[in-house]
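The values are calculated or read from the model by the stated rules, or taken from the named source; none is laboratory data. Since we're looking at a predicted model, the values are computed, not measured. Ideal geometry is used to build each Cβ from the backbone, glycine not excepted, and the neighbour counts take in all protein chains shown.
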Amino acid sequence: MCVRMQYCYYRVTCVYLACKVEEFNISIQQFVANIKGDREKASDIILNDELLLMQQLNFHLTVHNPYRPVTGLLVDIKTRCSLKDPDRLLPGIEELLERTFLTDACLLYAPSQIALAAILHAASKIQENLDSYVTETLFGRPSIDILPNIIEAVRKIRSLVRSIENPPREMVRQLEKKLEKCRNQENNPDSEIYKQRMQDMLDEEDERSSETYARLAREQANDEERLLGISKVLSPSAS
């Protein structure tokens, strides 16, 4: 798919499609408003590649992630838990959720389990204990068979996140080189091709402006000559 779709527009198409999936209403004109360069071309590429992207995803557009369960848990904590200022949990929650996407956790565990792991991780970072909330309030004293499975899933998720190692810089550089090869240099602001294309567009715009000015000057001179009977000498640039 990388061969057929320009790398930079591939990412943008993913974001635009995600807006639709999440029912975030935004027109293509609004979406490309902040894109530098030819916005009309960007709109055409995004709309044309949208169907290709959906085909590559086999039209499985709904991706269940832990963010919505986290929101629900936070609302529940604010409503039914005695924890003061639950918003203190947010930094720790975001930290764990971001790191889970560097692991296979999303493929191994339910979004609600990952969300619960993030809540408990954040609570431990601010030295708060939510065990009684989880066992008594959230699950309402679950059966002996259910609770150990939940505890084990949360423990494994947190252990999986702790085991992450940052990739070597050499590996990152190799990946960046591969991605750069997929990129259309005509849309790369750092490339000479892009800079030359922008300069050509500016030169063309200046030329059109000069031609427009010359035409308006000639029309004005003709109008004055016709109305006043005075022949006006045009400047060399307007002749």
Item checked: Residue list for the stretch 158-203, restricted to those being of a type in the set (Ser, Thr, Tyr) and surrounded by 12 or more Cβ atoms within 10 Å (Cβ to Cβ) -> 191, 194
Item checked: Inter-residue pairs, beta-carbon under 8 Å, first under 15 Å from residue 45 (Cβ atoms) and in the stretch 180-196, second loosely packed, with under 14 Cβ neighbours inside 10 Å and modelled with pLDDT under 70, 6+ apart -> 182/2; 182/3
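Restricting the stretch 155-200 to residues that are in a loop (DSSP other than H, G, I, E, B) and of a type in the set (D, E, K, R), which is nearest to the chain's Cα centre (by Cα)?
Among them, the one singled out is 183.
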Next item on the list: Just give me the residues in the stretch 8-46 being surrounded by 14 or more Cβ atoms within 10 Å (Cβ to Cβ) and not in a helix (DSSP H, G or I), in sequence order.
Entry: 35, 37, 38
Next item on the list: List the number of the failed condition for residue 115; all other conditions in (1) under 26 Å from residue 28 (Cα atoms); (2) modelled with pLDDT of 95 or more hold.
Entry: (1)
Check: So which residues in the stretch 47-78 are surrounded by 11 or more Cβ atoms within 10 Å (Cβ to Cβ), more than 30 Å from residue 195 (Cα to Cα) and of a type outside the set (A, V, I, L, M, F, W, C), if there are any at all?
Finding: 56, 64, 65, 66, 67, 68, 69, 71, 72, 76, 78
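For (1) among the aromatic types (Phe, Trp, Tyr); (2) outside any loop (DSSP other than H, G, I, E, B), each residue gets a yes or a no:
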{"residue": "77", "(1), (2)": "no, yes"}
{"residue": "102", "(1), (2)": "no, no"}
{"residue": "106", "(1), (2)": "no, yes"}
{"residue": "115", "(1), (2)": "no, yes"}
{"residue": "118", "(1), (2)": "no, yes"}
{"residue": "133", "(1), (2)": "yes, yes"}
Checklist line | Lone unmet requirement of (1) closer than 28 Å to residue 62 by Cβ; (2) out of contact with any Ser or Thr (no Cβ under 8 Å at 6 or more places or on another chain) for residue 114 | finding: (2)
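If the requirement is being in the same structural domain as residue 23 (by TED's automatic domain parsing), within 27 Å of residue 18 (Cα to Cα), out of contact with any strand residue (DSSP E or B) (no Cβ under 7 Å at 6 or more places or on another chain) and small (Gly, Ala, Ser), which of these qualifies: 110, 118, 42?
Details: 110 fails: in the same structural domain as residue 23 (by TED's automatic domain parsing); 118 fails: in the same structural domain as residue 23 (by TED's automatic domain parsing).
Sole residue among the options that is in the same structural domain as residue 23 (by TED's automatic domain parsing), within 27 Å of residue 18 (Cα to Cα), out of contact with any strand residue (DSSP E or B) (no Cβ under 7 Å at 6 or more places or on another chain) and small (Gly, Ala, Ser): 42.
Test residue 152 against the criterion of being assigned to a loop (DSSP other than H, G, I, E, B), at pLDDT 90 or above and over 21 Å from the mean Cα position of the chain (by Cα), and give yes or no.
On the way: assigned to a loop (DSSP other than H, G, I, E, B): no; at pLDDT 90 or above: yes; over 21 Å from the mean Cα position of the chain (by Cα): yes.
So residue 152 does not fit the description; no.
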Notebook entry, point to check: For the stretch 115-135, does any single residue satisfy the condition of being free of Cβ contacts under 8 Å to residues at least 24 places away in the same chain, among the hydrophobic types (A, V, I, L, M, F, W, C) and under 18 Å from residue 151 (Cα atoms)?
Noted result: yes
